[in-house]
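Chemist: Here's a structure for you.
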There are 2 protein chains.
Amino acid sequence: MSRNSRADVVAAAGRLFARNGYHGTSMRELGRELGLRGSSLYSHITSKEALLLDVVERAAQLFDASAAAALATEGNAERRLRILVAGHVDVVVDHLDEARTFLNEARSLDDASRRRVLDHRDRYERSFRRVLAEGVDEGRFRSDLDPALAGIMLLSILNAIDRWYRPDGPLDRDALVTSIISFVIDGLGGRPVAAN
Amino acid sequence: MSRNSRADVVAAAGRLFARNGYHGTSMRELGRELGLRGSSLYSHITSKEALLLDVVERAAQLFDASAAAALATEGNAERRLRILVAGHVDVVVDHLDEARTFLNEARSLDDASRRRVLDHRDRYERSFRRVLAEGVDEGRFRSDLDPALAGIMLLSILNAIDRWYRPDGPLDRDALVTSIISFVIDGLGGRPVAAN
DNA sequence: CCTACCGATCGGTAGG
DNA sequence: CCTACCGATCGGTAGG
């Protein structure tokens, strides 16, 4: 049994913040999770809130990297949209605790930190909006589409995945992405090309 | 300046729980919100957690009533779906604090209460699933539609409304409902009947 | 990473 | 609805 690294502390904090919330997690509980005293955590970190910021920024970086990779990909808007969605799903499934903390606990940050996190969120949202607008320009999506509103609704679907999706359930990751894309592009009433 | 009623306490609790979370709200703060001491709250309630349950159950009842009214309405699936969505929007916009507390703070309830709230949530979700399945039966929605999955995605959109929608913004309530219905039925690529 | 501890605050009760 | 409290717990520091 070796000592804990700072990364261990951040990972354990993500687990507890995701499960019980920031205010619902005490430093003593976090210490217990790592097999040490709450006070010992302060040799790794400077404050509880700085720890929250670490967790949240880790998630923000992952989402950033995913969006950057999608936007750097060649292809039409539909293909790029699928990569954007698949990247989001990967982040949520592979880094569930950080993603949840990012989505639900950012409000507990102080004003300056929260502002920076919201900026990340806005930039991420703009990536979606851009690809949606490209799709309209390409004549691939409805010309009367509002990319801002559509982006919000697509992201609403993506940001709720952590509330219901189980990677070990009947729907594998790729099928999840396909379902979302199909729902978003064809809708409830849409007639898929093959069926028309 | 008259005394506070129990309903006042529940309403104020909804405000603070929605804004700062259950664990982020102290009884002394709640008292301050109402112009009295934290300890005085206990003449209205029995515990902080019972207060959370009051707020959450109020929201659950509103959602229940909305779904019941929609399902009691005559008409085809598309019409019933619109009523279901409009009812949800009404609850969220008119009872924002309770809706937020319902969505984000139910996990802080004890096991038995949380279980009951989740049952409410499941029943509500089934109402959506039922109307979606009706639409498939009527030949109005895609025959390959998975009503369970589509219900989750529609509800994901609805449950995120409180995170971005401002009733005093450019989009009024009815336009919001229309946008959601259009997004969900026609999708990004769907060709509206008139444009085909 | 530990023990020992700090002042502040927590939910809640007693007794008016 | 108030004052006066209760024991427990909070985030964090000092000093090894």
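Just so it is clear, none of the values below were taken in a lab; they were calculated from the coordinates. This one's a predicted model, so the numbers in the text were calculated from it and none came from an experiment. Every residue, glycine as well, gets a Cβ built from its backbone with ideal geometry; the counts of neighbours run over all protein chains shown.
Chemist: Rounded, prolate or oblate, given the Cα gyration tensor of segment B:81-125, with a/c below 1.5 counting as rounded?
Modeler: It is oblate, given that a/c is not under 1.5 and a/b is not larger than b/c.
Chemist: Shifting gears a bit: Which shape class, rounded, prolate or oblate, goes with the protein assembly as shown when its Cα gyration tensor gives a ≥ b ≥ c as root eigenvalues, a/c under 1.5 marks rounded, and past that a/b bigger than b/c marks prolate?
Modeler: Cα axes put the protein assembly as shown in the oblate bin.
Chemist: For B:His23, which sequence-distant residues (separation of 5 or more, or a different chain) have an amide H within less than 5 Å of its own amide H, given hydrogens modelled in the peptide plane?
Modeler: Residues meeting the amide H criterion: none.
Chemist: Answer rounded, prolate or oblate for chain B, using the Cα gyration tensor with square roots of eigenvalues a ≥ b ≥ c: rounded when a/c is under 1.5, else prolate when a/b is larger than b/c, else oblate.
Modeler: In terms of gyration-tensor shape, prolate.
Chemist: For peptide A:134-142, how many partner chain Cβ atoms fall within 10 Å of a residue's Cβ, on average?
Modeler: That average works out to 2.
Chemist: Once the label point is placed 7 Å from Cα along Cβ, list for B:Thr73 the distances to the corresponding points in the other copies, in nm, shortest first.
Modeler: List, nearest first: 3.9 nm.
Chemist: Over segment A:119-194, what number does the Rg to Rh ratio reach, with both radii from the alpha-carbon atoms and Rh per Kirkwood?
Modeler: Using only Cα positions, Rg/Rh for segment A:119-194 is 1.00.
Chemist: Roughly speaking, what is the centre-to-centre gap between segment B:11-69 and segment B:70-89 when only Cα atoms are used, to the nearest Å?
Modeler: About 30 Å separates the Cα centre of segment B:11-69 from the one of segment B:70-89.
Chemist: Expressed as an acute angle from 0 to 90° and rounded to the nearest 10, what is the orientation of the C-alpha long axis of helix A:147-159 relative to the principal long axis of chain A?
Modeler: Value to nearest ten degrees: 50.
Chemist: B:Thr73 to B:Leu36: extension gain in nm, 0.36 nm per residue of separation minus the Cα-Cα distance?
Modeler: Difference between extended and current length: 8.8 nm.
Chemist: Can I ask one more? Taking a label point 7 Å from Cα toward Cβ, how far is B:Leu36 from its twins in the other copies, in nm, shortest first?
Modeler: Here the equivalent label points are 4.7 nm apart from this one.
Chemist: Among B:Asn76, A:Gly31, B:Val92, which residue has its Cα positioned farthest towards the positive end of the charge dipole of the protein assembly as shown, with +1 placed on the Cβ of Lys and Arg, -1 on the Cβ of Asp and Glu, and the dipole taken about the Cα centre?
Modeler: Sorting the options by dipole projection puts first A:Gly31.
Chemist: Along the Cα→Cβ direction, 7 angstrom out, place labels at A:Arg140 and B:Asp168. What is the inter-label distance in nm?
Modeler: 4.1 nm
Chemist: Per DSSP helix of 4 or more residues, -39500 (n - 2.57); summed, then divided by the residues of the protein assembly as shown. What does that give at 222 nm, rounded to the nearest 500?
Modeler: Mean residue ellipticity at 222 nm (helix-derived): -21500 deg cm²/dmol.
Chemist: Which distances, shortest first and in nm, link B:Asp144 to the matching position in the other copies, using label points set 7 Å out along Cα to C-beta?
Modeler: 2.7
Chemist: Sticking with the crude label model, points 7 Å out along Cα→Cβ, report the distance from A:Asp119 to B:Gln61 in nm, one decimal please.
Modeler: Label-label distance for A:Asp119 and B:Gln61, simple model: 4.6 nm.
Chemist: Could you list B:Ser143, B:Ser43, A:Ser66, A:Ser179 so that the one with the fewest beta carbons within 10 Å of its beta carbon is first and the one with the most is last?
Modeler: The fewest-first ordering by Cβ neighbours comes to B:Ser143, B:Ser43, A:Ser179, A:Ser66.
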